[in-house]
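Read-outs throughout are calculated quantities, based only on the coordinates presented, and are distinct from any laboratory measurement. None of these values were measured; they are calculated from a predicted model. No Cβ is skipped: glycine too gets one built from the backbone with ideal geometry, and neighbour counts run over all protein chains shown.
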Amino acid sequence: MAITKDESNWPIISLSLGENFDQETVEEYIAYWEELLYRQSPFGLIMLHSSEKNVRPERAVTQLYMNWCKRNKHEIAQYCSGIAVVMQNAKLLALYKPVTAVSTKRTYGCPGGAFAKEVEAVKWLEEQLAQASSVAKI
């Protein structure tokens, strides 16, 4: 199993892809996304970035994932209230924080943010879920 997931705080899910974003990891990640979308219930996703170094995955692996995201963007946007990336590496956080919201919206169709601590990510996702819930009731 390449990914580690924790649904104990549902509808907020913590997910770690480990060190390698390889073919096995991306296939498992896509399968998990499909499971989440199949539930047809709002959720928020915390991506725990564990890698100290930012290693680029193989182009084919990235393309497989990006193609899946394009095909499923509407459905992701419908159920995923936000994706919070937690990066404990201060240099990576400084690099990604300014672009995370834009790239997440473009790729997934939902809000995104980068955070230094998981507790900050949970608070932000709780706000996103509450906002999505209030919009759904209108």
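Only helical runs count toward this figure. For the chain, summing -39,500 (n - 2.57) over DSSP H runs of n ≥ 4 and dividing by all residues gives -19000 deg cm²/dmol at 222 nm.
With K and R counted +1 and D and E -1, the other residues having a Cβ less than 12 Å from that of Leu36 yield a net charge of -2.
Largest GNM mean-square fluctuation among Ile13, Ile46, Ile83, using the chain with Cα springs under 10 Å: Ile13.
Direction-averaged projected area, Cα convex hull, the chain: 8.0 nm², rounded to one decimal. The lysine pair tally for the chain, using Cα distances under 24 Å and a gap of 8 or more places or different chains, is 25.
Given +1 at the Cβ of Lys and Arg, -1 at the Cβ of Asp and Glu and no other charges, the dipole of segment 1-120 around its Cα centre is 660 debye to the nearest 20.
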